[in-house]
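The values are calculated or read from the model by the stated rules, or taken from the named source; none is laboratory data. Worth saying up front: this structure is predicted, and the values here are computed from it rather than measured. Here the Cβ positions follow ideal geometry from the backbone for every residue, glycine too, while neighbour counts run over all protein chains shown. Only protein heavy atoms, including side chains, enter the accessible area calculation; ligands, DNA and RNA are left aside. Shrake-Rupley method; radii C 1.70, N 1.55, O 1.52, S 1.80 Å.
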Amino acid sequence: MTSKDKTALLIVAHGSTVNPDSSAPTLAHAAEIRRRKVFAAVECAFWKEEPSLRDALFLFDPKSVREVSVVPNFISEGYFTQTVVPRELELNGRITERPNGQIWKYCEPVGNHPAMTELLLKRACEVAPNVDPAETSLLIVAHGTDLNENSAAAAKREAEKIRALGKYAAVLNVYMEEPPLVSDWRKLTKTPNLVVVPFFISDGLHSYEDIPVLLGIPSCHPERSEAKSKDPAANPLGNFTGSLDSARDDVEPGRREVFRRNPYKLHGRSLFYAPSIGTDPGFADIIIEQAEKSAGV
């Protein structure tokens, strides 16, 4: 097995051409892992941002780095983890040996880690610390799509695990684009309190705007300039080196406000809305553990 001083970590994520906030948590987790000096080098690469997945092939000097652990910062297995990332990184399977002798190990996505359940419970408690779980429904919101059944499976798995604990009156996996729909929360739940946790890697248009609209949360951010919201170059994050807190501070204040006005009084009930689970600092530990699991492959 290659020693740590010759092993690098590559975190791969989706990124976005229209929302620079999309990459902020990934970059922040990388900065934290880099600070801990666990690996010889820590880099990020994205499908929709720079550095690209193709660029990642040249990020590590084969003389100083003999092994690269690739950790997908994705919630679930699916098209990107099974097709896009292996294709762009020219991976042959779990282990790929490059012509230069480097060994690249492809790890499981962060969403497969068993600690995901604990992080969801922690996030729910943080956003609604004083509510009685016995009078509360927990909604885990994922995207959902007809194109990839795994997109829904991860949220369903976590809801089942939390439901089995018997802590909340109800635990539901709901979706933006397939039943059960998050917009039907009034029909799906009966409790006086609801806690809603987006099961996404980062806060973006889905968590800032789409899900609040589907929940019926009134708009709470002022009009923002089109240039700032659609031009990643206006707010670059590619060389981000700070903490997750400072990454959050970079997000437009008006957008973050949606997470700060809890509880929302809607239809006679109290609704608590949390930031996306992928912004939790605990993801740095999960990324490291996913990489270390590959060490014995």
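Inspect segment 96-118 for any residue being in contact with a Cys (Cβ under 9 Å, 6 or more places away or on another chain) and at negative phi and give the result as yes or no.
Within segment 96-118, none of the residues are in contact with a Cys (Cβ under 9 Å, 6 or more places away or on another chain) and at negative phi.
I'd like to know if segment 61-70 contains one or more residues that are surrounded by fewer than 17 Cβ atoms within 10 Å (Cβ to Cβ) and either under 14 Å from the mean Cα position of the chain (by Cα) or of a type in the set (Ser, Thr, Tyr) (or both).
Yes; the residues of segment 61-70 include at least one that is surrounded by fewer than 17 Cβ atoms within 10 Å (Cβ to Cβ) and either under 14 Å from the mean Cα position of the chain (by Cα) or of a type in the set (Ser, Thr, Tyr) (or both).
Give the number of residues within segment 150-177 that are touching a Ser or Thr at 6+ places or on another chain (Cβ under 7 Å) and not hydrophobic (A, V, I, L, M, F, W, C).
Residues that pass the stated criteria total 6.
When segment 256-286 is examined, which residues are found to be outside any helix (DSSP H, G or I), touching a strand residue (DSSP E or B) at 6+ places or on another chain (Cβ under 7 Å) and of a type in the set (A, V, I, L, M)?
Hits for segment 256-286 are LEU271, ALA274.
Take the residues in segment 241-258 that are under 19 Å from the mean Cα position of the chain (by Cα) and open to solvent by less than 30 Å² (accessible area, probe 1.4 Å); name whichever of them is modelled with the highest pLDDT.
VAL258
Where residues in segment 158-183 are modelled with pLDDT under 95 and of a type in the set (D, E, K, R), which of them is most open to solvent (accessible area, probe 1.4 Å)?
Among them, the one singled out is GLU177.
Sort out which residues of segment 183-214 are aliphatic (A, V, I, L, M) and more than 19 Å from the chain's Cα centre (by Cα), and write them in order of number.
LEU188, LEU194, VAL213, LEU214
With the structure loaded, tell me whether GLU50 is more than 21 Å from GLN102 (Cα to Cα), out of contact with any His (no Cβ under 9 Å at 6 or more places or on another chain) and not in a helix (DSSP H, G or I) or whether it fails that test.
Judged against the criteria, GLU50 is a match.
Please work out which residue is surrounded by the most Cβ atoms within 10 Å (Cβ to Cβ), limiting yourself to segment 1-60 and to residues that are among the hydroxyl-bearing types (Ser, Thr, Tyr) and modelled with pLDDT of 95 or more.
The residue in question is THR26.
Say we look at segment 100-115 and pick out the residues that are in a helix (DSSP H, G or I) and at pLDDT 95 or above; which of these is surrounded by the most Cβ atoms within 10 Å (Cβ to Cβ)?
My answer is VAL110.
Hey, can you tell me all the residues within segment 71-85 that are closer than 25 Å to ASP280 by Cα and crowded, with 16+ Cβ neighbours inside 10 Å?
VAL71, PRO72, ASN73, PHE74, ILE75, SER76, GLU77, GLY78, PHE80, THR81, VAL85
Give segment 117-142 a look and list any residue that's at pLDDT below 95 and in contact with a helix residue (DSSP H, G or I) (Cβ under 9 Å, 6 or more places away or on another chain), or say none.
Once the filter is applied, which keeps residues that are at pLDDT below 95 and in contact with a helix residue (DSSP H, G or I) (Cβ under 9 Å, 6 or more places away or on another chain), segment 117-142 yields only ALA142.
Among SER23, SER52, which is the only one that is free of Cβ contacts under 8 Å to residues at least 40 places away in the same chain and of a type in the set (Ser, Thr, Tyr)?
After ruling out the rest, the residue left standing is SER52.
Does segment 90-99 contain any residue that is of a type in the set (D, E, K, R), touching a Lys or Arg at 6+ places or on another chain (Cβ under 9 Å), within 21 Å of VAL71 (Cα to Cα) and crowded, with 18+ Cβ neighbours inside 10 Å?
The answer is no; no qualifying residue exists.
Given (1) in contact with a helix residue (DSSP H, G or I) (Cβ under 7 Å, 6 or more places away or on another chain); (2) within 16 Å of TYR273 (Cβ to Cβ); (3) open to solvent by 50 Å² or more (accessible area, probe 1.4 Å), identify the lone condition not met by ARG186.
Every condition holds for ARG186 apart from (1).
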